[in-house]
1. At Ser219 and Gln301, where each label point lies 7 Å from the Cα along Cα→Cβ, what is the point-to-point distance in nanometres?
2. Could you give each residue of the stretch 96-111 its phi-based ³J(HN,Hα) in whole Hz, using Karplus coefficients 6.51, -1.76, 1.60 with θ = phi - 60°, and x for Gly or Pro?
3. Once you have the Cα-Cα distance between Thr262 and Ser194, take 0.36 nm times their residue separation minus that, and quote the gain in nm to one decimal.
4. Does anyone have the angle between helix 129-138 and the longest principal axis of the chain? Alpha-carbon axes, 0 to 90°, nearest 10?
5. For the stretch 87-277, how many pairs of lysine residues have a Cα-Cα distance under 18 Å, where the two are 8 or more positions apart or belong to different chains?
6. How large, in Å, is the chain by the Kirkwood hydrodynamic radius built from its alpha-carbon pairs?
7. For the stretch 217-231, in order, what is each residue's ³J(HN,Hα) by Karplus, 6.51 cos²θ - 1.76 cosθ + 1.60 with θ = phi - 60°, in whole Hz (x at glycine and Pro)?
8. So which chymotrypsin sites (Phe, Trp or Tyr not before Pro) in the stretch 94-185 pass both tests, a DSSP loop state and at most 14 other Cβ atoms within 10 Å of the Cβ?
Amino acid sequence: MKTIIPIRFITITVLVLACMACNKKTDVKPVDFDVTSTTLSGATSSKFALKDTVKFAFTGNPDIITFFSGEVGKRYEFATRANATGTPNLQFSSLRATGAQANSLQVLVSTDFKGVVANPVYGILTRDTIATNANIATATWTDITSRATLSTGATTAVASGVIDLSDLSQGKPVYIAFKYTATAGTIQNKWTISGLSVNNVLADGTTYTIANLNAPTTSFTNYGNVTFGPGWAVSYDLAKNANKYAWVYTDKTSLVITGSTTAASASAEAWAIMGPVDLTRVTPDAGVSLKVISSRLTSYQYNYAGAGTYNTVFVASNNTSDGASAIVKTIPVTITP
């Protein structure tokens, strides 16, 4: 006699089995991995000449191997470092091409500027110029113009020199601004700012660019690792700038403002502001992924770019959707000239 199983019973059973499968976790295998530094011929060694190729021999087969050479930008101990106390400095070049009005360019720093204001209009963020100008007006701005060497009128840009910003941050991010002021009655100055960078110089001699003339969506690198700056905003108050002279920003290149090229009918004031800039910021170091789950790797060869002693680090891990297991192997390597 044939037994008929109700459809609803089959459905419930399938659902129960499916739920049991969903709740079953995939165990992470313990990592089996070791590494030895050798010559190309296979002789174990921790000392190599600069011309030599270092061979790292592996045992085990972890899912993933990540390599940190120990060189600047490739140090495991700094892989998560985003800040370090150093000496922050600003430098740029300036060119005053027309006009002879005095004190038309100021370099200013603020820690309490509330930033550029943008409001959504039909789903699109649009600059609120009135609110932004109010924030500029109410912020406290420290004038550091005297710390810079500015162009006095020529055809060649003048380097500002290195401007130490250490005394200005007070543990807070800063905004850096160029303020243009022009008077009526004579030809107004044209200013070009180029070659700008803000750097964090650490005690070990490394230098990290933390801001420049790049837009916030345009990357740059520190020791081969990609990072981004805060970008620039330009603004003016029509009540102080009837002729609407404004800074023109060109990504990665320059800030330029041109006032009246004839005897001006009105005064002008305009701002170009960058920030917020964290003066303690650095770019985290990064490793190189050598293998993924589907491959097997028994060795890796590397040539160091300079002499020194390096803590070479390999991070080996096994990974599932439910977890990961990892070990870190450090191999000191000395490279002689």
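1. 2.9
2. Karplus values, whole Hz, x for Gly and Pro: 9, 9, 9, x, 9, 5, 7, 6, 8, 10, 10, 10, 10, 9, 9, 10.
3. Numbers: separation 68, 0.36 × 68 = 24.48 nm, distance 2.50 nm.
Additional length available on full extension: 22.0 nm.
4. Tilt of helix 129-138: around 80 degrees.
5. Details: Lys114/Lys172; Lys114/Lys179; Lys179/Lys190; Lys179/Lys240; Lys179/Lys244; Lys190/Lys240; Lys190/Lys244.
The result is 7.
6. Numbers: mean 1/r = 0.0402 Å⁻¹.
Roughly 24.9 Å, rounded to one decimal.
7. 9, 9, 7, 9, 10, 10, 6, x, 9, 6, 8, 9, x, x, x
8. Values: sites: Phe113, Tyr122, Trp141, Tyr175, Phe178, Tyr180; in loops: Phe113, Tyr122, Trp141.
Taking the stretch 94-185 and a limit of 14 other Cβ atoms within 10 Å, the loop chymotrypsin sites (Phe, Trp or Tyr not before Pro) found are Tyr122.
Laboratory data are not the source of any read-out in this text; all were calculated from the coordinates shown. Please read these numbers as outputs of a predicted model, since none were measured by experiment. Ideal geometry is used to build each Cβ from the backbone, glycine not excepted, and the neighbour counts take in all protein chains shown.
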